[in-house]
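Structure, as structure tokens:
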Amino acid sequence: MRSLFTLLCCLFLIAISSCRKDFETISSYGKLAFSKDTVFLDTVFSNIGSATYNLKVYNRGNNAITIPQIELKNGTASNYRLNVDGIPGKEFQDIEILAKDSIYVFIETTINANNNLNLLYTDKILFDTGENQQEVDLVTLVQDAHFIFPGKDAITMKIDSLTLDGQPTSLKGRFLTDAELSMFTSSKPIVIYGFAAIPKNKTLSIEAGTNVYFHDNSGLIVDDKATLKVKGTRSKKVVFEGDRLEHSFSDIPGQWGTIWMRAGSINNEIHHAIIRNGIIGILVDSLENTARPTLKIENTEIYNHASFGILGRETNIEGHNLVIGNAGQASLAATIGGSYKFTHATFSNFWSNSLRQLPAVLVNNFFTYKNEAGEEIIETRNLHAANFTNCIIDGNNNIEFIIDFADGGGIFNYNISNSMIQFNDINNSFNDIPQLDFTNPFYQNNILNGNSHFRDPQRNDFVIGEESNAINKASSSAYPVDLLGIDRTSNPDIGAYQHVVFE
């Protein structure tokens, strides 16, 4: 016991001595080293704070030093904020660094674009003065933008929640005004906080080249009898993504909510868009008209969503030249019946962030719920069509295509032709499921477990190469060019892309 007490006392004395600051220092002599000579703060939106960036300052000498002064060149008027060795501010005196040691400088900024003639905002951190002065450049690209915020109660300051179908919801947001419906152009990015809803009998047209950014827990809602028209072109795509512009956020899923086309929304069209890094890329609800698609989508890329690329629930979707890449559950879930027709689409799920339970493509005709007695009830709906023509269905699971049929009567139509499907049933688990018998007449000219030869599936690059088994195996279609505009009128390849020779 006595030896334990002695040991604790020694440790206490060592801890106290390690915190002392009575060491001798010499003045800085212009030989500081830095982890970088320029700190690039990724693009920020006007009046929205940046992420925090760090700079490491090294004293590589054999003596402890004191830096007499650290300051921003623009002084207290600078739009940058610093934290030096745990102390916030814009000017600092007598900062000490031990021999062979270092300190951190943390940098943030908030910039009003209206007060800056140049979109590139710069400053410098100055270390020391006179002939010993050293500097590190700070550079930030500033984007002005249109911001859409939820409303607030003037007295309680409580953020407004959306009311849909006359019922309050837990979604923070509001309906767009007529003026806001007209501001989705390429002149300025759009930044949405909360859920922005298109009102009944209104149309939101998004011009080519527009960038739409969503804050956390935000999204776009197309209400009953409302319409969304996304009018991108091959050279000027419309981009939907999260509002964190730092490079480190470029491929992080789940940064925003979804584009939700509610039951009764009509004539929605998406052309030449990129939709990435949300929870669900597009959620499309309830069958409005079996003869008219709720959503037509073409020449569009949907990547890196935490749950689904597209989740359809008893709806009508028609798509071609479509790529739906990595997602935490399924790239495409065509559920509760409906009508789904895809031509020259690539559904490819190489999700690696967690264990994925669902295939790249899931089709079913039912939903389940529990009644008041706690019993599980299964209800079926008509599957008017689940047609896949010239499609690649692939991923890093053995089974990437499932048709899940619940017997309840009604229509159940599907047809898969000239497609390449990853379906390696190593345990023969699906032998007794007729909908997954690839010899039945609902399947024609398909390739099972072929080599897609994607360029870089982990990075959602699903262009196919010269070793792909999809080459020249597609049937002729009404879509003469691929997603990149390459001609496919003769010898078309399966999927959204014609093959290329990789460098």
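The values are calculated or read from the model by the stated rules, or taken from the named source; none is laboratory data. These figures come from a predicted structure and were not determined experimentally. Virtual Cβ from ideal backbone geometry, glycine too; neighbours counted across all protein chains shown.
Among the numbered criteria (1) assigned by TED's automatic domain parsing to the domain that holds residue 349; (2) under 31 Å from the mean Cα position of the chain (by Cα); (3) in contact (Cβ under 8 Å) with a residue 24 or more places away in the chain, which single criterion is violated by residue 425?
(2)
Would you check if residue 96 is among the acidic types (Asp, Glu) and out of contact with any Gly (no Cβ under 7 Å at 6 or more places or on another chain)?
Numbers: among the acidic types (Asp, Glu): yes; out of contact with any Gly (no Cβ under 7 Å at 6 or more places or on another chain): yes.
Against the criterion (among the acidic types (Asp, Glu) and out of contact with any Gly (no Cβ under 7 Å at 6 or more places or on another chain)), residue 96 qualifies.
Quick one: in the stretch 374-428, which of the residues that are aromatic (Phe, Trp, Tyr) and within 27 Å of residue 457 (Cα to Cα) is surrounded by the most Cβ atoms within 10 Å (Cβ to Cβ)?
The extreme case among them is 388.
Which pairs do you get when a residue that is free of Cβ contacts under 8 Å to residues at least 40 places away in the same chain, found in the stretch 53-70, comes within reach of a residue that is in a loop (DSSP other than H, G, I, E, B), reach meaning Cβ atoms under 7 angstrom, with the pair 6+ apart or on two chains?
Partner pairs satisfying both residue conditions: 61/31; 61/99; 62/99; 63/99.
Are there any pairs with C-beta distances below 8 angstrom linking a residue in the stretch 87-100 that is among the charged types (D, E, K, R) to a residue that is assigned to a loop (DSSP other than H, G, I, E, B) and surrounded by 16 or more Cβ atoms within 10 Å (Cβ to Cβ), with the two at least 6 apart or on different chains, and if so which?
90/78; 96/25; 96/64; 100/61
Can you go through 360, 345 and tell me which one is surrounded by 15 or more Cβ atoms within 10 Å (Cβ to Cβ), within 20 Å of residue 302 (Cα to Cα), in the same structural domain as residue 307 (by TED's automatic domain parsing) and touching an Asp or Glu at 6+ places or on another chain (Cβ under 7 Å)?
Exactly one residue qualifies, and that residue is 360.
What tally of residues in the stretch 381-415 results from selecting those that are part of a strand (DSSP E or B) and of a type in the set (Asp, Glu)?
2
Residues in the stretch 474-484: is at least one β-branched (Val, Ile, Thr) and more than 22 Å from residue 400 (Cβ to Cβ)?
yes
Could you tell me whether residue 378 is touching a helix residue (DSSP H, G or I) at 6+ places or on another chain (Cβ under 7 Å) and either assigned to a strand (DSSP E or B) or touching a residue at least 40 places away in the same chain (Cβ under 8 Å) (or both)? Break it down into steps so the answer makes sense when it comes.
Working: touching a helix residue (DSSP H, G or I) at 6+ places or on another chain (Cβ under 7 Å): no; either assigned to a strand (DSSP E or B) or touching a residue at least 40 places away in the same chain (Cβ under 8 Å) (or both): yes.
For residue 378, the condition - touching a helix residue (DSSP H, G or I) at 6+ places or on another chain (Cβ under 7 Å) and either assigned to a strand (DSSP E or B) or touching a residue at least 40 places away in the same chain (Cβ under 8 Å) (or both) - is not met.
Of everything in the stretch 387-413, what is within 16 Å of residue 341 (Cα to Cα) and in contact with a helix residue (DSSP H, G or I) (Cβ under 7 Å, 6 or more places away or on another chain)? Give them in sequence order.
Once the filter is applied, which keeps residues that are within 16 Å of residue 341 (Cα to Cα) and in contact with a helix residue (DSSP H, G or I) (Cβ under 7 Å, 6 or more places away or on another chain), the stretch 387-413 yields only 403.
Restricting attention to the stretch 178-215, and to residues there that are of a type in the set (Asp, Glu) and not in a loop (DSSP other than H, G, I, E, B), which single residue is farthest from residue 151 (Cα to Cα)?
Taking the candidates together, the pick is 178.
Given the criterion more than 27 Å from residue 301 (Cβ to Cβ) and either in contact with an Asp or Glu (Cβ under 9 Å, 6 or more places away or on another chain) or not hydrophobic (A, V, I, L, M, F, W, C) (or both), identify the matching residue among 328, 374.
Going through 328, 374 in turn, the sole match is 374.
For every residue, the table says whether it meets (1) buried (at least 20 other Cβ atoms within 10 Å of the Cβ); (2) farther than 15 Å from residue 259 by Cα; (3) in the same structural domain as residue 275 (by TED's automatic domain parsing); (4) modelled with pLDDT under 95.
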{"site": "170", "(1), (2), (3), (4)": "no, yes, yes, yes"}
{"site": "179", "(1), (2), (3), (4)": "no, yes, yes, no"}
{"site": "185", "(1), (2), (3), (4)": "no, yes, yes, no"}
{"site": "188", "(1), (2), (3), (4)": "no, yes, yes, yes"}
{"site": "197", "(1), (2), (3), (4)": "yes, no, yes, no"}
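Checking residue 451 against (1) within 31 Å of the chain's Cα centre (by Cα); (2) outside any loop (DSSP other than H, G, I, E, B), only one condition comes out false. Which one?
Failed condition: (2).
Which of the residues that make up the stretch 249-274 are of a type in the set (A, V, I, L, M, F, W, C), under 22 Å from residue 199 (Cα atoms) and surrounded by 24 or more Cβ atoms within 10 Å (Cβ to Cβ)?
256, 259, 261, 270 - these are the residues of the stretch 249-274 that are of a type in the set (A, V, I, L, M, F, W, C), under 22 Å from residue 199 (Cα atoms) and surrounded by 24 or more Cβ atoms within 10 Å (Cβ to Cβ).
Could you list, in sequence order, all residues of the stretch 478-493 that are surrounded by fewer than 16 Cβ atoms within 10 Å (Cβ to Cβ) and either assigned to a loop (DSSP other than H, G, I, E, B) or of a type in the set (Gly, Ala, Ser) (or both)?
Across the stretch 478-493, the qualifying residues are 478, 480, 484, 485, 486, 489, 490, 491.
Quick one: how many residues across the stretch 118-144 are surrounded by 14 or more Cβ atoms within 10 Å (Cβ to Cβ), acidic (Asp, Glu) and outside any strand (DSSP E or B)?
So the answer is 2.
Quick grid of which residues meet (1) at pLDDT 95 or above; (2) not assigned by TED's automatic domain parsing to the domain that holds residue 415:
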{"site": "442", "(1), (2)": "yes, no"}
{"site": "453", "(1), (2)": "yes, no"}
{"site": "458", "(1), (2)": "no, no"}
{"site": "479", "(1), (2)": "yes, yes"}
{"site": "482", "(1), (2)": "yes, yes"}
{"site": "487", "(1), (2)": "yes, yes"}
{"site": "490", "(1), (2)": "no, yes"}
{"site": "499", "(1), (2)": "yes, yes"}
